[in-house]
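The values are calculated or read from the model by the stated rules, or taken from the named source; none is laboratory data. This is a predicted model, so every value here is computed, not measured. Neighbour counts are summed over all protein chains in view; Cβ atoms, including those assigned to glycine, are modelled from backbone coordinates with ideal geometry.
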Amino acid sequence: MKRIATIPIVLFLSLSMSLFLIFYFQDPKPKETLTYFPPDPNTRYIETRTELDLSSVKNEKEYVLTWETHSMLDQKSYLRQDVSLLFEDGFLKDILSTWKENTEAILQTKEITGEESGQYQAITFHYAELHQGNDLIKSAQALSHDELYVIDSPLSKIYAFKEPQTLEEKESKRTIDYIITQKQHYDRQELLKYFNLNPENYIAIPLTDLSLYLEDGFPGIPKEKTTDFLGGLWEGLYKEYVLNIQKPDGTEISALGSTVPHLLFPKEAGEVYITFRTREGDPILLKQMIN
């Protein structure tokens with residue numbers, strides 16, 4: 001993934017910094033990064049799961065959600081990593097991210113406090129780095145997703161659902177979805193205008209909907225390239241979004257409070273763009289190479 005920004009070229013590095021970089025990259029211990037390697041067709045996940053649940057209600061205004069992710073590989077791997085992003089009403093609420101060496105399983109759980117009615121969406125990238133000898137490194141990856149609607153109405157106690165069952169739940173979901181979708185559409189149009197991109201040339205997919213396209217593939221990307229594309233995408237998102245967002249002026253801020261990234265797939269040959277706003281409203285544009 002490459003940032004669309006003008007970055008000053010560093011022409012000179014001191015000897016001490018050069019030595020630091022040498023020792024840094026020679027350190028065999030895993031660093032805070034996610035590096036994609038080609039998939040191993042003989043390795044699979046036994047289970048991948050992301051789950052959101054309303055665990056308790058504190059009072060008339062506050063409630064607590066339980067956010068849990070779990071993944072189990074069919075073998076131990078050199079490195080396991082799970083990264084989960086939780087969005088509330090289209091804004092990044094929190095991040096769960098961890099890695100472990102020489103294991104097949106990862107379990108993450110966290111309690112989140114919320115207020116008022118809202119839509120919660122969590123998407124998790126499950127990843128394994130497999131070292132197979134002779135310096136051969138492969139990988140295994142998967143996505144999981146969950147969605148929860150919490151309703152805080154003066155006419156009833158706070159309650160939650162994933163799929164609406166009653167007419168009241170269906171109407172609540174429709175209203176919340178409409179408000180969020182309209183706001184995202186307007187903001188996306190403004191971002192495209194800001195970056196001089198013609199909306200007629202792209203198909204927009206929010207990051208939270210990625211798992212819906214795994215079976216049929218993504219627009220303009222050959223089905224056999226889906227795994228490579230997703231692996232490269234999450235490698236870039238981890239660096240440019242999960243760890244921190246680099247603003248155009250070079251400063252870094254947390255991704256918390258930023259909008260859901262939208263992927264812009266070109267209708268004709270080209271690059272995939274990812275666009276969103278920081279919590280301060282700064283427009284950000286990243287790009288992902290399809291090949």
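Conditions (1) surrounded by fewer than 19 Cβ atoms within 10 Å (Cβ to Cβ); (2) under 24 Å from TRP67 (Cα atoms); (3) in the same structural domain as PRO206 (by TED's automatic domain parsing), marked per residue:
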residue: LEU130; (1), (2), (3): no, no, no
residue: ASP135; (1), (2), (3): yes, no, no
residue: ALA140; (1), (2), (3): no, yes, no
residue: LEU143; (1), (2), (3): yes, yes, no
residue: TYR159; (1), (2), (3): yes, yes, no
residue: ARG174; (1), (2), (3): yes, yes, yes
residue: ASP177; (1), (2), (3): yes, yes, yes
residue: ASP187; (1), (2), (3): no, no, yes
residue: GLU190; (1), (2), (3): yes, no, yes
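Could you please find all residues in segment 34-58 being among the aliphatic types (A, V, I, L, M) and not in a loop (DSSP other than H, G, I, E, B)?
Correct list: ILE46, LEU52, LEU54, VAL57.
Report yes if LEU263 is modelled with pLDDT of 95 or more, in contact with a Ser or Thr (Cβ under 7 Å, 6 or more places away or on another chain) and not in a loop (DSSP other than H, G, I, E, B), otherwise no.
Values: modelled with pLDDT of 95 or more: yes; in contact with a Ser or Thr (Cβ under 7 Å, 6 or more places away or on another chain): no; not in a loop (DSSP other than H, G, I, E, B): yes.
For LEU263, the condition - modelled with pLDDT of 95 or more, in contact with a Ser or Thr (Cβ under 7 Å, 6 or more places away or on another chain) and not in a loop (DSSP other than H, G, I, E, B) - is not met.
Do we find that GLY281 is assigned to a loop (DSSP other than H, G, I, E, B), touching a Ser or Thr at 6+ places or on another chain (Cβ under 8 Å) and not basic (Lys, Arg) in this structure?
Judged against the criteria, GLY281 is not a match.
Mind listing whichever residues of segment 192-237 are without any contact (Cβ under 8 Å) to a residue 60 or more places away in the chain, closer than 23 Å to PHE91 by Cα and crowded, with 18+ Cβ neighbours inside 10 Å?
Residue satisfying the conditions is PRO206 alone.
Give me the residue from segment 166-178 that is of a type outside the set (Gly, Ala, Ser) and touching a strand residue (DSSP E or B) at 6+ places or on another chain (Cβ under 9 Å) and, out of that set, farthest from GLN119 (Cα to Cα).
Across segment 166-178, the extreme among qualifying residues is GLU168.
Taking segment 256-272, which residues are closer than 20 Å to PRO219 by Cα and either buried (at least 22 other Cβ atoms within 10 Å of the Cβ) or touching a helix residue (DSSP H, G or I) at 6+ places or on another chain (Cβ under 9 Å) (or both)?
VAL260, PRO261, HIS262, LEU263, LEU264, PRO266, LYS267, GLU268, GLY270, VAL272
Is there any pair with a first residue in segment 108-127 that is farther than 25 Å from LYS170 by Cβ and a second that is of a type in the set (Gly, Ala, Ser) and not in a loop (DSSP other than H, G, I, E, B) whose Cβ atoms are under 6 Å apart and which are 6 or more apart or on different chains, and what are they?
Pairs found: THR124/SER84; THR124/SER144; HIS126/SER71; HIS126/ALA142.
Out of PRO266, PRO248, I need the residue that is touching an Asp or Glu at 6+ places or on another chain (Cβ under 9 Å), farther than 25 Å from ALA122 by Cβ and either among the acidic types (Asp, Glu) or in contact (Cβ under 8 Å) with a residue 40 or more places away in the chain (or both). Which one?
Just one listed residue meets the conditions, PRO248.
Name the residues in segment 112-128 that are on the phi < 0 side of the Ramachandran plot and surrounded by fewer than 17 Cβ atoms within 10 Å (Cβ to Cβ), would you?
Within segment 112-128, THR113, GLU115, SER117 meet the criteria.
Can you name the residue in segment 82-111 that is closer than 22 Å to SER55 by Cα and aromatic (Phe, Trp, Tyr) and is also nearest to the chain's Cα centre (by Cα) among such residues?
Step by step, filter segment 82-111, then rank; the result is PHE87.
If you take the residues in segment 191-213 that are in contact with a Lys or Arg (Cβ under 9 Å, 6 or more places away or on another chain) and assigned to a helix (DSSP H, G or I), which one is nearest to THR259 (Cα to Cα)?
Result: LEU191.
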